[in-house]
Amino acid sequence: MVKQDELRKEYKREDFGKGIRGKYYEKYKKGTNLVLLSPDVAAAFPDDESVNNALRNLMKLAKQTTGIKRRSSRRAKARR
């Protein structure tokens, strides 16, 4: 048995109940931690824990490599 679409063609404001202006304003002002991942990135991570682990590892790697300076090559010295 196929269930018929339950959406109406048209809704009225009254159908949604009484709204409260500014209900989430204070929370919104504090900011949000939600981010939108591109579909290809989201496909690589099955859950939020795996995303967090990958980002933590990337942060750790970035901290470790910030102190590394590039060595000058012989070619760069020869150009001077």
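Counting only residues that are exposed (fewer than 10 other Cβ atoms within 10 Å of the Cβ), modelled with pLDDT of 90 or more and not in a helix (DSSP H, G or I), the range 24-49 holds 3 of them.
Return yes or no: is Asn53 in a helix (DSSP H, G or I), of a type outside the set (D, E, K, R) and either out of contact with any His (no Cβ under 6 Å at 6 or more places or on another chain) or surrounded by fewer than 10 Cβ atoms within 10 Å (Cβ to Cβ) (or both)? Reasoning before the result, please.
Values: in a helix (DSSP H, G or I): yes; of a type outside the set (D, E, K, R): yes; either out of contact with any His (no Cβ under 6 Å at 6 or more places or on another chain) or surrounded by fewer than 10 Cβ atoms within 10 Å (Cβ to Cβ) (or both): yes.
Against the criterion (in a helix (DSSP H, G or I), of a type outside the set (D, E, K, R) and either out of contact with any His (no Cβ under 6 Å at 6 or more places or on another chain) or surrounded by fewer than 10 Cβ atoms within 10 Å (Cβ to Cβ) (or both)), Asn53 qualifies.
Screening Gln64 with (1) surrounded by fewer than 10 Cβ atoms within 10 Å (Cβ to Cβ); (2) in a helix (DSSP H, G or I); (3) modelled with pLDDT of 90 or more; (4) not charged (D, E, K, R) gives one miss only, at (3).
The values are calculated or read from the model by the stated rules, or taken from the named source; none is laboratory data. Everything quoted here is computed from the prediction, not taken from an experiment. Every residue, glycine as well, gets a Cβ built from its backbone with ideal geometry; the counts of neighbours run over all protein chains shown.
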